[in-house]
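Below is one structure, written out as structure tokens, with a few remarks after it.
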Amino acid sequence: MKAKIDRKINLDKAAEIMKALGHPIRIQMVELISQKGKFCVSDIYKTLKMEQSTASHHLGILRKGGVLKTERKGKQIYYLLNGDNYYRLLDCIQACSCK
């Protein structure tokens, strides 16, 4: 019975991650961050040519979903991938979308 409970928790976490990645802008942000290693909000919204509030909204969803984590340096907050597994996940998304 315990194995099923653990499996359910893992499925819930997987669903949170997929929901967080469920928007083209958020996938684009994760791809951008994965290429450079880390980005601050201002660099992200300038690079992607969007409003700062829009970038912050999507970054918050990615952070809440566990895809991104933050690192503070002085007044700047940098976003980076929350583990190496997300690089493999990006590869899977790219492979599935290149049919």
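No value in this document is a laboratory result; all are computed from the given coordinates. Note that this is a predicted model, so its numbers are computed, not measured. We place every Cβ from the backbone using ideal geometry, glycine too, and count neighbours over all the protein chains shown.
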Calculated FRET efficiency for the pair residue 12/residue 92, C-beta based, R₀ 22 Å, to 0.05:
0.65
The summed charge of the residue 50 Cβ neighbourhood (under 14 Å; Lys/Arg +1, Asp/Glu -1) stands at +1
Nearest-ten-degree value, helix 85-97 long axis tilted from longest Cα axis of the chain
90 degrees
Give, in nm to one decimal, the length gained when the segment between residue 63 and residue 77 is fully stretched (0.36 nm per residue of separation minus the Cα-Cα distance).
3.8 nm
Just to be sure I follow the rule: in the chain, considering lysines 8 or more places apart or on different chains, how many pairs have Cα atoms under 13 Å apart?
4
Residues 68, 11 arranged by fewest to most Cβ contacts within 10 Å
11, 68
